[in-house]
1. Out of everything in region 154-198 that is touching a Lys or Arg at 6+ places or on another chain (Cβ under 7 Å), farther than 30 Å from THR141 by Cα and touching a residue at least 60 places away in the same chain (Cβ under 8 Å), what residue ends up being surrounded by the most Cβ atoms within 10 Å (Cβ to Cβ)?
2. Considering only residues that are in contact with a helix residue (DSSP H, G or I) (Cβ under 7 Å, 6 or more places away or on another chain) and polar (S, T, N, Q), look in region 156-208 and name the one that is modelled with the highest pLDDT.
3. Which count do you get for residues in region 103-143 that are outside any helix (DSSP H, G or I) and crowded, with 23+ Cβ neighbours inside 10 Å?
4. So which of ARG22, ARG27, ARG10 ends up being basic (Lys, Arg), under 20 Å from SER150 (Cβ atoms) and touching a Ser or Thr at 6+ places or on another chain (Cβ under 9 Å)?
5. Which condition number in (1) surrounded by fewer than 24 Cβ atoms within 10 Å (Cβ to Cβ); (2) closer than 15 Å to VAL85 by Cα; (3) of a type in the set (A, V, I, L, M) is the one that VAL151 fails?
6. Sort out which residues of region 144-190 are out of contact with any Asp or Glu (no Cβ under 8 Å at 6 or more places or on another chain), outside any helix (DSSP H, G or I), of a type in the set (Val, Ile, Thr) and within 26 Å of THR102 (Cα to Cα), and write them in order of number.
7. Are there any strands (runs of 3 or more DSSP E) wholly within region 18-102 with 1 or more residues that are more than 15 Å from the chain's Cα centre (by Cα), and if so which?
8. Can you confirm whether GLY90 is surrounded by fewer than 17 Cβ atoms within 10 Å (Cβ to Cβ) and closer than 17 Å to ILE224 by Cα?
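The values are calculated or read from the model by the stated rules, or taken from the named source; none is laboratory data. Fair warning: this is a prediction, and the values are worked out from it, not measured in the lab. Cβ placement follows ideal geometry from the backbone for every residue including glycine, while neighbour counts extend to all protein chains displayed.
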Amino acid sequence: MIDLGLGGKRAVVSGAGYIPERAGHGRFTALNLADAGATVACIDIDEGRARGIVAEIESAGGKAFPIVADMTDASQAQRAIARAVEQLGGIDVCVDIIGGATWDKAEDFDDATWTWTIKNNLTQVFYLFQCVGKEMIRQGTGGSMVALASVDGIAAAGYHAPYGAAKAGVISLAKTFAHELGQYGIRVNAVAPGNVGSGNEDQPEGEYAVNGINPLAAPRAHDIANAALFLSSSLAERITGQTLVVDGGATIRELWGMTPELVSQFRDQRY
């Protein structure tokens, strides 16, 4: 069995609670880290959700405790991380899950929606990375920080421009924090999910290329959590400043709409 190096580690998952109408990235990530042997501080703005994921971890034999905080508020973020340090004795791993998008034409987004989207997808990551980064520097034992970005921060974000801009900012933040904190043995990376949507854990195994978007298959929430687990683990101990795309191949597609039929038609032509 491969050792992920997470046994006895002290982990924080920001946005760990499960929202039924969402994919559950935080839930799966917290479960993964606990299953790998880490004790997990489960932060959520909703106390019921925070306690719910802790109960799920404990019922599986893991160790966790809840912290309730609005991580889009700088003072609450500081308090939450101070509480995590108090309970854990320090922080080795931190994963940020919080985010949300709204849909509209670029020309129709209002100021309030723009501000909300940037705050919930980018600003809160900055607050968290600042707090955790300072703690990891103080500890002097290195660590790993991971944030959820999105393929919408890499490609165009049609009809949710603020979200795409925010997630592009997360990718940039990961690079910048990685650059500045590398001297302390601290790694900072991002995971960019594809079209997980509201969750598709029930999709059949072994069915591939079933739509025109994913050459392989649409990613599931647990695929995103597995990527976060990998980047948090000792398997990635020389990986930093990177964005791991988990999108079933959606963003690798060629631009020209070539099909097997068109290949046959154009096989003997030269351009």
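1. First, pick out the residues of region 154-198 that are touching a Lys or Arg at 6+ places or on another chain (Cβ under 7 Å): 159, 178, 196, 198.
Those still in the list that are farther than 30 Å from THR141 by Cα too: 159, 196, 198.
If we keep only those that are touching a residue at least 60 places away in the same chain (Cβ under 8 Å) too, we end up with 196, 198.
On the way: VAL196: 23, SER198: 11.
Once the filter is applied, the top-ranked residue is VAL196.
2. Looking at residues that are in contact with a helix residue (DSSP H, G or I) (Cβ under 7 Å, 6 or more places away or on another chain) and polar (S, T, N, Q), I get ASN189.
3. Of the residues in that region, 1 qualify.
4. Sole residue among the options that is basic (Lys, Arg), under 20 Å from SER150 (Cβ atoms) and touching a Ser or Thr at 6+ places or on another chain (Cβ under 9 Å): ARG22.
5. In the conditions (1) surrounded by fewer than 24 Cβ atoms within 10 Å (Cβ to Cβ); (2) closer than 15 Å to VAL85 by Cα; (3) of a type in the set (A, V, I, L, M), VAL151 misses (2) alone.
6. ILE154
7. 39-44, 63-68
8. Taking the combined requirement at face value, the residue does not satisfy it.
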